[in-house]
Every structure is written in structure tokens, then in C-alpha cells.
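The values are calculated or read from the model by the stated rules, or taken from the named source; none is laboratory data. Quantities reported herein were computed from a predicted structural model and do not represent experimental measurements. Note that each Cβ is placed from the backbone with ideal geometry, even for glycine, and that neighbours are counted across all protein chains shown. For accessibility, only protein heavy atoms count, side chains too; no ligands or nucleic acids. Shrake-Rupley method; radii C 1.70, N 1.55, O 1.52, S 1.80 Å.
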Amino acid sequence: MKPEMTRSGLRGDTTDHFHCPQGTHDRNDYFEEYYEDRLGTLHEERGKGVKIVGTFCLFVPDEIIFAAGADRIILCGGRSDTITLAEQSLPRNICPLIKSSFGAVLDACCGGTVSCPHVGLVDVVVAEATCDGKKKMYELLAARVPTYVLDLPQRPDSPDAVAYYLSEIRKFRTFMEDLTGSRIRNEDLEREIASANETRKILHRLFALRKRDPPPVRGSAILRVMQKQFFLSPDQFRTGLRILCDNLEKTLPPTRTGPRIMISGCPMAAGNTKVADLIEQRGAVITVEESCTGTRAFWDLVDENKDPWTALAERYLHIPCACMTPNDERVSRIVDLAKQYRVDGVVYYTLQFCHGYNIERLRVQKALKEEKIPMLAIESDYGDSDTGQIGVRIDAFLEMLS
Ligand code: BJ8
């Protein structure tokens, strides 16, 4: 039996669904309130037999999960406190996002208290074949949580790539149908595609406001909003975004602003705001993020005039992740975003030991140099030991820009 309400909530989607204390809160407080609300809702849903899917990556289409009547929550770790536990099983020299995520699962499985409360809520993890570190971590994860792995083509521009990804998402469809006992009809998928596109359009509205000079909001505040995108229900997230956009459209521009900065590179999962905070504490303003906690999450819409499965495959294969090769699309998008958002410089952000983004840095640097856009490369982890050193490098970069 399909639940009566759609998980994404597009049907009857209005701000009235939530208590929205507009005007009595600081700009982003309601996202925090929704978060608390969301945890309770997920517990209730589980109690009623709704399946909860945990994901780690943008390549897993939410639309299929919701169309099957399940719910989803992202499990990417951005906190440092679960890493020590993970390092008892994983090598130290892999990316902190992988270690943090795995550590949270270990902690939850041992009844621990340091991990985020999301892990214990999921019935199944839907993983994806992206970087080597994640793929191998998922093998260990499968011993602790039921895990399904969605395979991906590695060369998105090859003629067979869409057909292969399409065959993978059709297998995923069957998996989700077996999990929930609910058949996914084309109209279910079309409804969820429209819902996800609606969210993407509001995000475009929000990011368009940041093109203003000076922008009406700090990038570190937007990052904290983006980190909630896949924790909250789509309905909650859209409601919060609409309030935020309405408020920002009425906001008078701040009187003081510094150099306009783009961050480009690895995702900054919830709990990881170190570099964004450092940049803005030192007087610059982040106007756009080319990352999976920025534009990569929403830039392209799914074509609603095509067969929904094909349209979904085409859109998702278009995500310019450094796990793909070649990834020319990403390099040209970065240059294009730098121009659109009139940035003075780019901070290229790599998580330690993320080889894909680290190696791709050279191509990005070359393309930006040709456009005379300065770039600072920062590689970091989730600890605080390099904060002082990164701050000094950001200071020198901002001074060079001004
Ligand atoms: S679509 S960026 S969410 S794979 S930072 S774990 S790549 S070693 S998170 Fe990612 Fe999907 Fe791509 Fe986005 Fe590996 Fe790099 Fe770590 Fe990464």
C-alpha cells in the first residue's frame, strides 16, 4: 500500500503546512526548527512502516525513492568526533568525509552517543559507485546496514553512458518496489520530478539574489542551509527557502563588504563549515559554491517533457563530479559561474586525500588563469590544527585581491 501523503509533499505544497514564524525569527532559525520537527516525523514514519533510505551522494535520484513511497535522509559525515572510531577499521589516509560517515555508523551500531541521530533511522543505505574510498567503505558498511549499490558509468560523455545508467536506475526501481511493496507508476515518478524541479527553481531564485553587489546574505549562512537540503523533507526545505528568499528580497544591502569569493571543490557536509567561516571572518563574502553543497546539487533540472526515466538518467549523469572522466563540463562551469557571480577570486577546496578533486585542481587553475581569475588552493580535514595556517593564507589571498 502506498502511503496517502507523498513524501516530497508537492501535492498541496504551501507554507501553511508548517508553523512559519516569519518576522519573529532571525533569517535562518526556522531551518533549525524544521530539523527538530523532521527527526520526530522520521521516527513516526518508521513506526507506521514507511521505509527510510540513507544516501551519501547526489547521484542517487531522490525522485525514485519518494515515488516508491519511501523517505530519505543523507548520511554524509562532516563532523570530526566520529573519525577516531572509524580509524580503528579504515586507513587514516583516506578522506575525512568517508571516515566521518563510517564512524557515525559504527557508533550507532555500538549504541554510542557521539554520532548523528540519522543513522539509526535508516532501513537501508543506497550507496553509489563513485570514488574508490567510498566504494570500499560501502563493502564494510554492508556488514552492518543493509546496503544497495547503484553503479555508475565512469565516462558520462560516452555514447553508451545514458543507456547504462538508465539500466541501473531501472534495477534500482525494482529494488525500491521490493523494499516498499509499492509499484512505481510513471505518474508517481513524474510527480516527484516536478517536486524536485520545484526545489531546484527556488534554489536558483536564492542563488540569483547572491549575484547582487553587495549580496544580501553571507555564504557561510547559505552553506548551513544547503547542508540541510537532504536532511529535511522537500516540503520543509522549500518552505524555508521561500521564506528566506522573501526576506532577502526585502533586505537592504549591507554597508560593508569585502572581496567576492567562489568556493569550488569537495562537498562540505553538515558539521564542516571551517573554511567558509574562515573566509568570511576575514572580511570576504562568498557569493557562490561550486560543490555538492552548492550549485552541483540543483543547477540542472529534469526535462519534464520526456519519458521520465530517460530524463532522469540524462539529468543525473550531467552532475559534474570529479569521479567522472573526463570532467570538462565542471571546468567550464566554474569559469562560467565565476563570471556570472563576478567573483574576485576562487578558493579551491579539497578534502585531504580526495584525489579526484585534488588532481582536477590543475585543470581548474589553468582555466581560471586564462581568464585572469586568481585562485587559492586549500586542502584540509575536519580538525582544527590547521586553522591558523589556513587563516594566514586566506589573509594573504584577500590582500592580494584588494
Ligand atoms: S557527486 S562529490 S557527493 S561522489 S570528497 S568521498 S569524492 S574522496 S563526496 Fe561526492 Fe557524489 Fe561526487 Fe558529490 Fe570521495 Fe572525494 Fe571524499 Fe567525496
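Assorted remarks:
- Extreme residue, most open to solvent (accessible area, probe 1.4 Å), among residues of the stretch 134-172 that are farther than 30 Å from Ile83 by Cα and among the charged types (D, E, K, R): Arg155
- Residue-level analysis places Ser101 among those that are among the hydroxyl-bearing types (Ser, Thr, Tyr), assigned to a helix (DSSP H, G or I) and within 14 Å of the ligand (Cβ to nearest atom).
- Tally of residues being open to solvent by 20 Å² or more (accessible area, probe 1.4 Å), over 21 Å from Gly181 (Cβ atoms) and without any contact (Cβ under 8 Å) to a residue 60 or more places away in the chain across the stretch 36-89: 8
- Of all residues in the stretch 213-225, none are within 21 Å of Leu58 (Cβ to Cβ) and in a loop (DSSP other than H, G, I, E, B).
- Some residue of the stretch 303-313 being assigned to a loop (DSSP other than H, G, I, E, B), within 13 Å of the ligand (Cβ to nearest atom) and farther than 25 Å from Leu241 by Cα: no
Residue-by-condition table, conditions (1) more than 26 Å from Ser100 (Cα to Cα); (2) modelled with pLDDT of 95 or more; (3) acidic (Asp, Glu):
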| residue | (1), (2), (3) |
| --- | --- |
| Gln352 | no, yes, no |
| Tyr357 | no, yes, no |
| Lys369 | yes, yes, no |
| Ala377 | no, yes, no |
| Thr387 | no, yes, no |
| Ala396 | yes, yes, no |
| Glu399 | yes, yes, yes |
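- Residues in the stretch 262-282 that are in a helix (DSSP H, G or I), touching a residue at least 60 places away in the same chain (Cβ under 8 Å) and of a type in the set (A, V, I, L, M, F, W, C): Val275, Leu278, Ile279.
- Note on the stretch 347-402: residues that are basic (Lys, Arg), out of contact with any helix residue (DSSP H, G or I) (no Cβ under 6 Å at 6 or more places or on another chain) and on the phi < 0 side of the Ramachandran plot amount to 4.
- Of all residues in the stretch 283-298, those satisfying the criterion of being in contact (Cβ under 8 Å) with a residue 60 or more places away in the chain and in contact with a helix residue (DSSP H, G or I) (Cβ under 8 Å, 6 or more places away or on another chain) are Gly283, Ala284, Val285, Ile286, Thr287, Val288, Glu289, Thr293, Gly294, Thr295, Ala297, Phe298.
- Of all residues in the stretch 116-150, those that are in a loop (DSSP other than H, G, I, E, B), among the hydrophobic types (A, V, I, L, M, F, W, C) and out of contact with any Asp or Glu (no Cβ under 6 Å at 6 or more places or on another chain) total 6.
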